[in-house]
Amino acid sequence: MRLVRIGVAAVSVKVGDFSGNAARLKAVIADAKRQKVNLLVTPELCISGYSLEDRVWWPEITRRSWDSLLVLAKACKGITAFFGLPVRVDSLVYNAAALVHDGKVRGLILKRHLPTYSIFYEGRNYTSWAEGVTEINGVPAGDLVFDLPFGKVSAEICEDLWSTNSPAGPRARAGAEIICNPSGSPFTPLKNEHRRKLIMGASSGFQCVYAYSNILGLDNSRLVFDGGGIIATPDGSVVEGPLLSKKYWTLTTSVVDLDDVSRQRGENTTWRLDVARTNGKNGVVTIDARDGKFITASVKDYAAQLPNDFYVPGASWTMNDSTKYLDELFDALVLGLRDYFEKVGAFEKYLVALSGGRDSALCLLLAVHAATALREGKDTKTHSERVASVYLPNKPFSSKGTEDAARALAHELGVPFHVVSISEESEIALKKAAEMTGSPKKISALAKQNLQARVRGNMMLNWANSENALLLVTSNLSEAAVGYTTTGGDNQGGYSPIANVPKTLVTRLVEHIAQRDGIKSIQKVLDIPPSAELGPDQQDEKDLMPYVVLDDLLFLFARRRMSLPDCWRVLVYRHPKHKPEQLRAWTTRFGKLFVYNQWKREQLPVTMKVLDLDLDPKSGFRFPVTQSIDDELRDLAKAKLEPVRP
């Protein structure tokens, strides 16, 4: 048996932090050596950070990346490892995975498929590698297979796996027994299930061992990477690393038998015919790197991984219910918030303006968990020293119920709580508005509401200045979609942790965490109908529409790209308790608000992307600020339901 121990690392890195990233990668290398790993796979662009964006155009980025690679290579005496970095050839920049073997850089795999959809803009900065082999910095680069002491290894990089024309195929047919995939794959709930299917399909189809590594946490400010790591074999066995770990890095290992891979290839006639048809090459070049010593992995360790019964193995993994989804989503939000706080490095604590509502309650829960996870849970300060909250009532509109709910939640979570009235400041703002307009009668009802939010926003920003604190913006995705926020008010702050979470999902998360963690005070929050409390008896759903309808429209229109008439037709069947004409009116209102409020979304604070549906103009949603929707509204007004079928 050719028993090889493979390690896949999930590493939290920071854009441009070459010394810090290298230090963590060295720690991973040291642990891999301790565990007698033969082949280590680290994430995509882990040396520089993935989310470089236009920073990659600075020549020093590729220079420093290469210098760091050479430093890491020296630490790899006695081990083989892949490291991700950007490399430059004249005016072209490539996304590369460098193979280091026994202390030397032996070659570079270059990324072929550059995603330019959703939040990805790699095609803006990187050049796609077409095919063949060239030389970069004195080493071969391109379509390579490395012939190592324990077997033949190649790689593809992240999106290459997701392509229907994966470069792993030709490399496997050229002899690669292990395909490695250094990835920077952002989190969405249960996305790892899809990755697993792709990886198992690639391992089975290419008759190879497939080793996948992913970034962990935020490397910049917007994308959350869930880490993990997967090692799959052609027979369907899979080993996985932890998702959304609060550690700065994790290492998952497995022992594979490459002789078994060779056997399965030899017995598979389809595989043999494919190799014969292409002559096994397809422009792929094999690099001889068989120098160095190979110490086989332990048979005991390999045997321990095998199923108890070869004929009746354990039940295959099946997707859990919504509990898993909600746990993953909450953990991703916590991880992103923790990493942003730490990696910016300018903050001492989190600040949350509690309203007694669900959005601010969720933000407080996230802040407490993020504070608890600082320094991998080893922070010298407690979360009560890292998180503070305040309730800012305006006497005419703020209710005793919301104050009690806010106070009870802060008390149960052990968070300092203050009550600071804005009544006096609101009156002053109202008088000044009357001076500017020339008469109190000229102040619109909307302006009277918004000035309260702006008073609160200014007070919170000033508090954050005094405390060196990260002020959390508590607006959700549903509000952003229809502009139900106040520019210069409740949409101002340091970080917006739930801006990618719609209101109905906010409610589900709050309910789930309350039940999971036994937080009794959450019920006080849930008992109060959502309200901005900026006007007499104000309720959000009376101002807008039921959130369940709004969020359906948001998904159908912004994610599925349906026309407004088709959105309405779907709503009629999804919400039969509402009359079709009422649903048509809500659809019309949604369409207008969604299109007319892009200017507000352009000004939203930094947030993280955790769902496929994303309205952040800086990450995944490029929507015109000035446009017309009149034709579609006319179509909606004339639209008819499909005929009733007999």
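FYI, it's all coordinate maths here, none of it is from the lab. Owing to the predicted nature of the structure, the values given are computational and were not obtained by experimental measurement. Here Cβ is always computed from backbone atoms with ideal geometry, including for glycine, and neighbour counts include all displayed protein chains.
Using the Karplus relation 6.51 cos²θ - 1.76 cosθ + 1.60 with θ = phi - 60°, the per-residue 3J(HN,Hα) values for segment 7-17 come to x, 10, 9, 9, 10, 8, 10, 10, 4, x, 8 Hz, with x marking Gly and Pro. Around the amide H of Glu131, modelled in the peptide plane, lies no amide H under 5 Å away from a residue 5 or more places distant or on another chain.
Of the residues Gln627, Thr485, Asn220, the one whose Cα sits farthest towards the positive end of the charge dipole of the chain is Gln627 (charges of +1 on Lys and Arg Cβ, -1 on Asp and Glu Cβ, taken about the Cα centre). Only helices enter the 222 nm calculation for the chain: every DSSP H run of n ≥ 4 contributes -39,500 (n - 2.57), and dividing by all residues gives -12500 deg cm²/dmol, rounded to 500. Peptide packing: for 414-425, 343-354, the average count of neighbouring Cβ atoms within 10 Å per residue gives the ranking 343-354, 414-425, highest mean first. For segment 3-305, the alpha carbon convex hull comes to 117 Å³ per residue, rounded to a whole number.
Taking the average, over residues, of other Cβ atoms within 10 Å as the packing measure, peptides 578-585, 470-477, 199-206 rank 470-477, 199-206, 578-585 from highest down. When the alpha-carbon atoms of segment 482-534 are used, the pair Rg, Dmax equals 13.2, 36 angstrom. Histogrammed with a bin width of 10 Å, the alpha carbon distances of segment 501-646 distribute as 9, 32, 35, 19, 4, 0 percent, first bin at zero.
Would you mind giving the average projected area, over all directions, of the Cα convex hull of segment 322-638 in nm² with one decimal? It would help to have the intermediate numbers written out before the result.
Numbers: hull surface 68.6 nm².
Hull-based average projected area comes out at 17.1 nm².
Calculated on the alpha-carbon coordinates, the convex hull of segment 68-107 measures out at 56 cubic angstrom per residue.
Need one number: the % of Cα-Cα pairs in segment 51-168 sitting beyond the 24 Å mark. Cα-Cα pairs of segment 51-168 separated by over 24 Å account for 25 percent.
Starting with the fewest neighbours, write out Met608, Met436, Met1 ranked by other beta-carbon atoms found within 10 Å of each beta-carbon.
Going from least to most buried by this count: Met436, Met1, Met608.
Close amide-amide hydrogen proximity is noted between Gly107 and Leu99, each under 5 Å apart and 5 or more residues distant or on a separate chain (H modeled in the peptide plane; Pro and chain starts excluded).
The share of alpha-carbon pairs in segment 403-480 lying farther apart than 15 Å comes to 70%.
As a rough footprinting exposure proxy, the listed residues Thr607, Thr486, Thr437, Thr296 were ranked by other beta carbons within 10 Å of their own, and the order from fewest upward is Thr437, Thr296, Thr486, Thr607. Helices meeting the span-like rule in the chain (full DSSP H runs, Cα extent of at least 18 Å along the helix axis, mean Kyte-Doolittle score of 1.0 or higher): 358-372. Backbone geometry of segment 93-102 corresponds, through the Karplus equation with coefficients 6.51, -1.76 and 1.60 at θ = phi - 60°, to 3J(HN,Hα) couplings of 10, 10, 8, 10, 10, 8, 8, 10, 10, 6 Hz, x marking Gly and Pro. In terms of Cα atoms, the Rg and Dmax of the chain work out to 27.5, 89 Å. The local environment of Met459, defined by Cβ-Cβ distances under 15 Å, has a net charge of -3 under the rule Lys, Arg +1 and Asp, Glu -1. Summing charges over neighbours of His113, with a neighbour being any other residue whose Cβ is under 13 Å away from its Cβ, gives -4 when K and R count +1 and D and E count -1.
In sequence order, segment 217-229 has phi-based couplings of x, 8, 9, 10, 8, 10, 9, 9, 9, 8, x, x, x Hz under the Karplus curve 6.51 cos²θ - 1.76 cosθ + 1.60, θ = phi - 60°, and Gly or Pro positions carry x.
One chain, two ends: Lys33 and Arg277. Fully extended at 0.36 nm per residue, the span grows by 83.8 nm beyond their Cα-Cα distance.
Beyond 15 Å, the tail of the calculated P(r) for segment 218-305 holds 76 percent of the Cα pairs. Between amide H atoms placed 1.01 Å from N, distances below 5 Å from Thr286 occur with Val145, all of them 5 or more places distant or on a separate chain. Each Lys or Arg adds one and each Asp or Glu takes one away; over the other residues whose Cβ falls under 11 Å from the Cβ of Ser166, this sums to -1.
When peptides 622-635, 27-40 are ranked by their average number of other Cβ atoms within 10 Å per residue, the highest-first order is 27-40, 622-635.
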